[in-house]
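**Student:** One structure, pasted below without further comment.
The values are calculated or read from the model by the stated rules, or taken from the named source; none is laboratory data. Bear in mind the structure is a predicted one, so any value in this text is a computation, not a measurement. When we count neighbours, we look across all protein chains shown, and the Cβ atoms used for this are built from the backbone with ideal geometry, even at glycine. When the accessible area is computed, the model is the full protein with side chains, heavy atoms only, and any ligands, DNA or RNA have been set aside. Shrake-Rupley method; radii C 1.70, N 1.55, O 1.52, S 1.80 Å.
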Amino acid sequence: MKYIFVTGGVVSSLGKGLAASALGTLLELRGLKVIMQKFDPYLNIDPGTMNPYEHGEVYVLDDGAETDLDLGHYERFTHTNLSKLNNLTSGQVYQSVLDKERAGKYQGRTVQVIPHVTNEIKARMHEVAEKMGGDVIITEIGGTVGDIEGLPFLEAIRQFAHESGPGNVIFIHATLVPYIKAAEELKTKPTQQSIAKLREIGIAPHVILCRTELALDIDIREKISLFGNVPIEDVIEVRDVKHTIYEMPLKLHEERLDDVVCKQLNLDTPQPDLTKWRHFVQRVIHPTHHVRIGVVGKYIELKDAYKSIYESLVHAGAANDTKVDIVRVDAEAIEKAGPDIYLSGLQGILIPGGFGDRGTEGKISAAGYARKSGIPFFGICLGMQIAVIEFARNVCNLKDATSTEFDKATPHPVISMMEEQKKIKQLGGTMRLGTWVTNLMPDTKAYALYHSAVISERHRHRYEVNDDYKDQLEAAGMIISGTSLKGGLTEMIELPNHPFFVACQFHPEFLSKPNHAHPLFHGFVKASLHHHHTPEPLC
Ligand code: GLN
């Protein structure tokens with residue numbers, strides 16, 4: 001087993017998660033089994049209880065782990081299925097150490113960051129290697145070198161490298177090489193200082209990834225090589241990609257990053273076959289068609305909040321030879337000005353997941369607009385609940401129907417909390433999480449899209465379509481096209497006599513990959529492509 005640790009310096013948001021993922025792609029295409037993981041220095045146990053404004057999307061794994069959005073990149077860029085083992089936070093480390101202390105496992109010793117916290121981190125490294133196997137583990141360390149809270153992780157990986165022996169571990173350090181306009185120059189000093197900071201704690205990088213707006217000329221490379229103390233071929237330029245993040249593996253391969261890494265780790269592997277990846281990138285960059293899809297949400301200004309949904313639309317666009325123009329629509333703006341001005345020019349409307357009642361009335365009116373106008377509609381999690389509420393109010397005539405999440409005293413709780421959720425007091429990690437099996441009904445759109453009667457999808461919610469209203473919804477024409485294998489919960493709904501009105505309680509966006517667009521996103525983009533503006537409402 002070989003280990004690659006990726007650290008970041010100078011500033012955050014350098015894209016080291018993406019660079020690590022792209023390296024994962026290249027190593028996988030060289031025939032290696034790659035495991036990817038992230039160490040996050042914050043004290044939360046996981047990002048599950050964090051506000052999207054703080055943290056962006058919470059990415060859910062098969063086993064129900066609520067993780068950092070970088071794990072979404074890892075799963076999209078490589079083929080390993082990750083688990084809760086692959087996102088370690090300081091919170092988890094300290095929780096485990098303190099549990100052991102209370103249980104008397106430290107036999108009377110003083111419990112300290114070194115060695116107890118660092119040992120806990122190293123133990124996780126070994127556990128991942130043992131349980132997941134593979135040829136290479138790429139571990140990204142969250143945060144920036146110099147952060148106080150990141151120190152135990154850096155010390156742990158330093159020790160880990162020392163114990164693993166030469167040729168088994170490399171450190172990749174990602175830094176910024178800023179362009180100073182007034183001087184018309186790229187500057188290497190921040191990189192030098194960041195490497196010096198890393199050396200202070202005993203880590204000397206083997207490879208330096210230089211994030212830059214402009215090409216690094218030979219002089220700059222030589223300077224970074226000299227002061228970074230690495231051969232010049234280990235100074236890798238990471239230019240901002242022009243069109244899509246999926247160009248990243250191609251760019252890094254041009255810089256020979258995968259060669260450099262394999263050489264340093266004594267991995268004798270063939271060159272990667274990038275044909276399929278290139279083909280995918282070409283389809284993203286040069287599509288034949290064009291479609292405008294609105295995403296109606298409340299975290300619209302923050303791109304990271306719906307990261308996996310936006311990526312899934314890129315995948316589905318490429319599969320349909322189509323560029324998807326995403327129009328971000330603020331649900332609260334619809335509440336103020338009505339849906340018409342925001343939605344009338346769109347070819348598709350997507351309502352993503354969400355929590356709390358801010359903006360829900362705007363989303364309900366967007367779902368109604370899609371239902372009546374025949375614009376393709378795709379609801380995800382909260383988006384499905386919204387579609388059911390709208391249908392209950394305006395087709396079943398259940399005035400004031402809503403979810404008990406928004407109004408506990410509603411006369412018509414068409415969406416209500418699942419029974420087993422009612423006794424739960426603790427907020428973190430207690431939703432219905434992870435992969436559950438759904439049965440699809442024959443002769444439905446869902447069935448036709450999946451070509452399958454049984455599917456598995458990832459979940460993250462507490463509320464559910466209320467069984468007491470199913471008959472009324474169905475009698476009024478709504479089709480419950482998917483139900484859970486366990487317990488018969490409503491997992492998918494659709495409307496007949498509509499070009500595409502499909503919604504699901506689960507999160508299909510967590511299973512879409514560049515060359516394997518998710519069937520629901522694929523079908524939605526295809527239907528949107530065929531939607532030509534119809535001024536007259538259908539019904
Ligand atoms: N708030 C809703 C629930 O808990 C929907 C959750 C979501 O969209 N992920 O059921």
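**Student:** Compare the peptides 480-486, 387-393, 112-118 by average per-residue count of other Cβ atoms within 10 angstrom and give them in order, highest first.
**Tutor:** Top of the packing list down: 387-393, 480-486, 112-118.
**Student:** In Å and from the alpha-carbon atoms only, list the Rg and Dmax of region 345-423.
**Tutor:** Rg then Dmax for region 345-423, in Å: 12.7, 45.
**Student:** Shifting gears a bit: Evaluate the charge dipole of region 163-210 about its Cα centre and quote only its size in Debye, nearest 20, assuming +1 on the Cβ of each Lys and Arg and -1 on the Cβ of each Asp and Glu.
**Tutor:** That gives a dipole near 140 debye.
**Student:** Counting Lys +1, Arg +1, Asp -1, Glu -1, what net charge surrounds R328 among other residues with beta carbon under 14 Å of its beta carbon?
**Tutor:** In short, 0.
**Student:** Given labels modelled 7 Å from the Cα in the Cβ direction, how far is it in nm from K105 to K336?
**Tutor:** Using points 7 Å along Cα→Cβ, the separation is 5.3 nm.
**Student:** Could you work out the percent of alpha carbon pairs in region 273-312 separated by over 15 Å, rounded to a whole number?
**Tutor:** In whole percent, the long-distance tail amounts to 60.
**Student:** Highest mean first, what order results for 316-326, 18-28 on Cβ atoms within 10 Å?
**Tutor:** Packing proxy ranking, top to bottom: 18-28, 316-326.
**Student:** Can you compute the helix-only [θ] at 222 nm over the chain? Use -39500 (n - 2.57) per DSSP H run of at least 4 residues, normalise by all residues, nearest 500 deg cm²/dmol. Please list the in-between numbers first.
**Tutor:** On the way: 20 runs with 195 residues, N = 539.
Computed mean residue ellipticity for the chain: -10500 deg cm²/dmol.
**Student:** Further, regarding this structure: Just the number: Rg to Rh for region 22-127, Cα atoms, Kirkwood Rh, two decimals.
**Tutor:** On the way: Rg = 15.9 Å, Rh = 15.2 Å.
Across region 22-127, the Cα-based Rg/Rh ratio is 1.04.
**Student:** If one takes the longest principal axis of the Cα atoms in the chain, at what angle in degrees, from 0 to 90 and to the nearest 10, does the Cα axis of helix 519-529 lie?
**Tutor:** Roughly 70 degrees between the two axes.
**Student:** On to the next question. Mind jotting down the three principal axis lengths of region 398-507 based on Cα atoms? Whole angstrom, largest first.
**Tutor:** That gives 40, 34, 20 Å along the principal axes, largest extent first.
**Student:** Show me, bin by bin at 5 Å from 0, the whole-percent P(r) of region 102-212 based on Cα pairs.
**Tutor:** Over region 102-212, the share of Cα pairs per 5 Å bin runs 2, 9, 17, 20, 16, 13, 9, 6, 4, 2, 1, 1, 0 percent.
**Student:** So what does log10 I(q)/I(0) come out to for region 195-297 at q = 0.14, 0.15, 0.19 Å⁻¹, using the Debye formula with one equal point on every Cα and no solvent?
**Tutor:** So the normalised log intensities are -0.71, -0.78, -1.04.
**Student:** What are the extents of the Cα atoms of the chain along their three principal axes, listed from largest to smallest and rounded to whole Å?
**Tutor:** Projected onto its principal axes, the Cα set of the chain covers 72, 62, 44 Å.
**Student:** Over the Cα atoms of region 36-76, what radius of gyration and what Dmax do you get, in Å?
**Tutor:** Over region 36-76's Cα set, Rg and Dmax evaluate to 9.7, 27 Å.
**Student:** Average the reciprocal distances over every distinct pair of alpha-carbons in region 450-533, invert the result, and give the Kirkwood radius in Å. Mind showing how you got there, number by number?
**Tutor:** Working: mean 1/r = 0.0698 Å⁻¹.
For region 450-533, inverting the mean 1/r across all distinct Cα pairs yields 14.3 Å.
**Student:** Mind checking Rg over Rh on region 423-476, alpha carbons, Kirkwood formula for Rh?
**Tutor:** Ratio of gyration radius to Kirkwood radius: 1.07.
**Student:** Not counting ligands, DNA or RNA, and with a 1.4 Å probe, what is K131's accessible surface area in Å² rounded to the nearest 10?
**Tutor:** 140
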